[in-house]
Every structure is written in structure tokens, then in C-alpha cells.
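Trainee: Submitted below is the structure of interest, expressed as C-alpha cells.
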Amino acid sequence: MRIAILVCTSNQPGAMVQTLTSIAGLAIPASSSCTFTIVNNSPKRITPGDFEIHVKTLPTKVVNEPSPGLSIARNTGISSVEADYVIFTDDDVTVPSNWVATYEAAFRRYPDAVFFGSDIAPVFLETDGSWAQAFSTAAGSCFARFQVGPRDRKIDATTRSALYPFGANMAFRVDALRQFRFDENLGRQPDGLVLSGEETRLIADMIAAGHVGYLISDNPVHHRITPTRQTLEYVARYYYGQGWQQASNVRKSGKWTGLPDKVLSPVAACLFRWARTVAGVLPTKTLRVWFERQHGHFSGRTAALRNGPLI
């Protein structure tokens, strides 16, 4: 079985040293071959030589994609992969040594599946435990927190989209990715707007075509959260993008009636703006994060319905 690991990055090589070190320490099953592809999503070109000091155990290829956008970078990387399965992670993730071996076993166990995913555990760097707990509890999706549970789980047309896997720890059959592409209008935008859901859209399209996937238990990765993202402003902007995207999708569909959302979203945004001000003097950090999340979400919905600017 041919397996490829794919990481997209827009940073310099030094920014992903821990990720590279963990990938270099992977135990690859003798029954499979494994390659490593890095997609450089920045104007400055890099070469495999920039990574040789960190990755010595896997054949490594670098693909330069200067057009900004995570979905663009992923689609470019997929087109360069020669494998049966591709495993995705991010440049701020640490993977366990048995990561590929566990996925390979799942690929063989579920040959009918075209996508897979597993646990993602946020690791909040340089912060006290109370704020880490608050961010993880009240805004887990903002930091890609994902929990599968004690057993593998089938994902099909009966599964709610909240259980679709995330980009930091997911895998696909390559022949399926030749037919379905990541939506390049979604994902992190050059202007800073975070339109998440590119993985969800892709998996939804696969399921609509009759495909299934599996969540694999006990194959976690650790997602390193830097202090610059451990802020209430970051939480608000992330959920602003989610609210903006959801309202835009509804507005374009036949289900949108207009008046309820146009009236209720601004009211909710105003209420949560007031609530987050009050929460600022309270000792409950989880509540402060939750109010910030709701304010961002409803502000995003309001802006999308009014075609307004970013917060």
C-alpha cells in the first residue's frame, strides 16, 4: 500500500520544526511505503533541502503554490501525490510514532471507506490552565478540538456534519480526491476572513455521492496553539467567519426567508456585545469565551445579510 503524508504551510521551515521532528520519528509498517509532501503556500520558494535536517527517514517532496488559500494548496498537493491514500495534518501539529501504522490498519479494515479521521487535542502553549480549559470548553472547534470516542465510528448519510473529521488529522483515498476537490472559496482568506468548512463541504459531497468514511479511535494528534491565538479577539473573528459563511449559504438557498434572520441576528449580536462587556468583570473565563463566540457568530451573520465589513 502506498501512503502519502501531506502538510500545507505558509511559514518558514523553522516554524514547523516540531511537526517535522514528529513525522521523522514515524514507524512505517513494512507492508507499506510512505512519502512526505510539503506544499509551500507562500510567494517565497523553498526546496526539499530546507527540510533535510529534520526529515531524513521519508522521501520528501516540496510543491510551491504561491496562490494564497489552504484549499488551493491542498488541491495542488493532491495533484502531485502518487499514492493509494493520503493523510493530512497541519504545520502546527505533533503526531505520535504509530500514527501512520494506525491509519494503515484502518485502510485495510475498511476498504469501502474513502475518508477517515481521528482525535485532535489542542495544546495551549505558554498559558495558565484556567484559560486553556475555558478556550477548549467554550470554543473547542475554534482550536480544532475533536474527539472520536472509544470505538471506531462509521460516517454516512445519517451522520450529522459536526462529526466530520478536521484537517489536522484526516485521510482520504486518493482516487476519491481525483473526483472531489476542496472548495477554494472556503478556508482562510487573504483578507483575514476565516471561512471554515472546506473539509465539511468535501465530505458532504462524497457522502451525497454514496461514499462512506470512518472515524478511528485512539489515533490522536496534538495541535499546538500559540499565544497569539489564545485571545478573545481571535475567538470572535473565527466565529464571525462561521456566522458569515452560514448566513451566506442560507441566503443563497431557497430556504432563506430573510426577515427573521435580518431582524434576529442584529438583536442577538447586540445582546451578546453587551453580555461580553458584563462578562469581562466576571471571574468565569469559560463564560467570557462563550459570550465572545456568540457575539462573533451573530455579528458575522448580520454582516453577511447586510454585506457589511469585517469586525
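Trainee: Which residue is modelled with the lowest pLDDT, if the candidates are limited to region 114-169 and must be more than 21 Å from residue 287 (Cα to Cα), in a loop (DSSP other than H, G, I, E, B) and basic (Lys, Arg)?
Mentor: Once the filter is applied, the top-ranked residue is 160.
Trainee: Can you list residue pairs whose Cβ atoms sit under 6 Å apart, with the first residue in region 141-166 being within 25 Å of residue 240 (Cβ to Cβ) and the second being among the hydroxyl-bearing types (Ser, Thr, Tyr)? Count only pairs 6 or more apart in sequence or on different chains.
Mentor: 142/238; 145/136; 161/200; 164/200
Trainee: Which members of region 73-102 meet the condition of being at pLDDT 95 or above and among the charged types (D, E, K, R)?
Mentor: Passing the criteria: only 84.
Condition check ((1) under 15 Å from the mean Cα position of the chain (by Cα); (2) farther than 15 Å from residue 203 by Cβ; (3) surrounded by 21 or more Cβ atoms within 10 Å (Cβ to Cβ)) across all residues:
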position	(1), (2), (3)
105	no, yes, no
135	no, yes, yes
143	yes, yes, yes
147	yes, yes, no
151	no, yes, no
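Trainee: Kindly evaluate residue 302 against the criterion of being more than 24 Å from the chain's Cα centre (by Cα), in a helix (DSSP H, G or I) and at pLDDT 65 or above.
Mentor: Values: more than 24 Å from the chain's Cα centre (by Cα): yes; in a helix (DSSP H, G or I): yes; at pLDDT 65 or above: yes.
Answer is yes for this residue.
The values are calculated or read from the model by the stated rules, or taken from the named source; none is laboratory data. Everything numeric here is computed off the predicted structure, so don't read it as measured data. Neighbour counts run over all protein chains shown; Cβ positions are idealised from the backbone, glycine included.
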